[in-house]
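Student: Quick one: this structure, given as structure tokens, is what I'll be asking you about.
The values are calculated or read from the model by the stated rules, or taken from the named source; none is laboratory data. Remember, predicted model here, so these are calculated numbers, not experimental data. Virtual Cβ from ideal backbone geometry, glycine too; neighbours counted across all protein chains shown. Surface areas here come from the heavy atoms of the whole protein model, side chains and all, with no ligands, DNA or RNA. Shrake-Rupley method; radii C 1.70, N 1.55, O 1.52, S 1.80 Å.
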Amino acid sequence: MNKILLTVWLFGLTALAHAQLYDPSAFDKKYDGLLKHPGVQIESAEAINLMYNYKFYEADKEFRWLRVRYPRHPMPYFLMGLAEWWKIVPNTDVTDYDSQCIAYMDTTIAMAEKLYDDSENKLEPSFFLAAAYAFKGRLYSERKKWTKATFAGKNALKYFEKCKGNADFSPELLFGDGMYNYYAQWIPENYPLLKPILMFFPKGNKVNGIKELEKTANSAFYTRVEARYFLVQIYSMENQYDKAYEMSKYMYEQYPDNPFFERYFARSAFVTGRLAEAERISKDILAKVDRTQAGYEGVSGRTAAYILAYVNHLFYKNLPEAKVNYQKAVEYAKQTNSTNAGYYLSSVVGLAKIANEEKNYDLAQTYFKEVLDKAERKSSQYKEAKKALDDAKKSRREERRKRKE
């Protein structure tokens, strides 16, 4: 009986301590929004970390509690929609989560519009409107629904413009500035056909965009990981591979079960010559793919398998192990309908080289012809395959000439 009383008393002290540390009503009176609300950050931090570590079931329970706590605010719905988006991230060809993601973003928009109309603080609802429209636009562009993507993009830009220059209110608002600045310059550089459309919009500045995203990555709460998600890719596109390596390694250490960050960690370690690290991470990825862990599938599999094949082929000279992994990369590429992509083509080239080393010349030619059929003429794989086939023809002609002599 005494033990029961002691337990009840201890629980009472714990509850009292929590009440003293965080009184929600006191916080709510002080803050007119949720973006700067430290109590909401305390409540949502665990859920957000669970989401980015691909523990979606556990995160969803926390997000639903936030929805009960703040039934008229767009934030809980935006976070639930963000979770659906991250289910899509490992393989953007998967459409299973599209409708739920769009539904949550539409609810976010509806609630943010109401908040915008009712609140003196227009910045917070503008942020959620910009973010929800931006995610809709991104998803529609992945599905090549260009009209819907354009409409969503215009709305996102409209509300980003309202947030622009207000990072002193909340560092979350700097995220939109950084994204716009970088991609408004990057898109016309890489897609010249879109230049006429973008001429009506303010010019971007990639250098400033990267700086703004880096500041967001270091100081924001809700958009911190999103900024790092884009920075990992931007650093790679800008050939800043050491930065991509450091960022992806850090994010993998924070979220070891996030397939996107682990895949980029393996890739950037490989590109920067950290082969032992790339090999270790690639083995971990394939183990997770084999046990069908959440988010780990063919896209991650083909990256990891190719890295292991390359290391075994060119460094360990272990041809049987290299062949197994090249074939795995080929199969994963077929599963993900990416037989025109670099990992597939480089894996077929690798199989062709191994066939040559094993003096199976007919099989090697079959592989090289496959590359010529699938690769673009300007690609390194096409040039390598063409040279190999031309050299093989030349060798056969010389052999026939010698026999005649």
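Student: Given the options 323, 393, 122, state which has the largest fluctuation in a GNM of the chain using a 10 Å cut-off (strictly under) for Cα springs.
Tutor: 393
Student: Hey, another quick one. Of the listed peptides 69-77, 34-42, 312-320, what is their order by residue-averaged count of other C-beta atoms within 10 Å, with the highest listed first?
Tutor: Ranked by mean Cβ neighbours within 10 Å, highest first: 69-77, 34-42, 312-320.
Student: Given a 10 angstrom Cα cut-off, can you work out which residue in 46, 331, 120 is the most mobile in a GNM of the chain?
Tutor: Evaluated over the chain, the most mobile residue of the options is 120.
Student: Not counting ligands, DNA or RNA, and with a 1.4 Å probe, what is residue 207's accessible surface area in Å² rounded to the nearest 10?
Tutor: About 90 Å², rounded to the nearest 10.
Student: Give the carbon-plus-sulfur fraction of the accessible surface of the range 192-339 in %, rounded to a whole number; probe 1.4 Å, heavy atoms of protein chains only.
Tutor: Carbon and sulfur together cover 53 percent of it.
Student: As a quick test, which of the pairs 206/378; 136/249; 288/328; 158/203; 164/206 have an alpha carbon distance above 19 angstrom in this structure?
Tutor: Over 19 Å apart, Cα to Cα: 206/378; 136/249.
Student: Please find the FRET efficiency linking residue 121 to residue 378, where r is the Cβ-Cβ separation and R0 is fixed at 45 Å, and quote it to the nearest 0.05.
Tutor: FRET efficiency, residue 121 to residue 378: 0.30.
Student: Which one, (i) 1.21; (ii) 0.99; (iii) 1.31, gives Cα Rg over 2.2 N^0.38 Å as derived from the coordinates shown?
Tutor: Label (i) holds the value from this structure.
Student: What part of the accessible area of the range 112-164, given as a whole %, is carbon or sulfur when the probe is 1.4 angstrom?
Tutor: Carbon with sulfur: 56 percent of the solvent-accessible area.
Student: Counting only heavy atoms of protein chains, what accessible area per residue, in Å², does the range 339-399 have with a probe of 1.4 Å?
Tutor: Using a 1.4 Å probe on heavy atoms only, each residue of the range 339-399 averages 62 Å².
Student: To continue, here is another question. Helix-only mean residue ellipticity at 222 nm, the chain, DSSP H runs n ≥ 4 weighted -39,500 (n - 2.57), per residue, nearest 500. What is it?
Tutor: Roughly -25000 deg cm²/dmol at 222 nm, from the helical runs in the chain.
Student: Same structure again: Find out how many positive minus negative residues lie around residue 223, taking Lys and Arg as positive, Asp and Glu as negative, among other residues whose Cβ is under 12 Å from that of residue 223.
Tutor: -1
Student: Still on this structure, I have one more. With an 8 Å Cα cut-off and a minimum separation of 6 or more residues, compute the relative contact order for the range 276-335 in percent.
Tutor: 33
Student: Restricting to DSSP loop positions (anything but H, G, I, E, B) with no more than 11 other Cβ atoms inside 10 Å of their own Cβ, which trypsin sites (Lys or Arg not before Pro) remain in the range 192-268?
Tutor: 203
Student: What is the sum of charges, Lys and Arg at +1 and Asp and Glu at -1, for the other residues whose Cβ falls under 10 Å from the Cβ of residue 213?
Tutor: So the surrounding residues net to -1.
Student: May I ask you to derive the relative contact order of the chain, considering only C-alpha pairs under 8 Å and at least 6 residues apart, and to give it as an integer percent?
Tutor: Computed over the chain, the figure is 8 percent.
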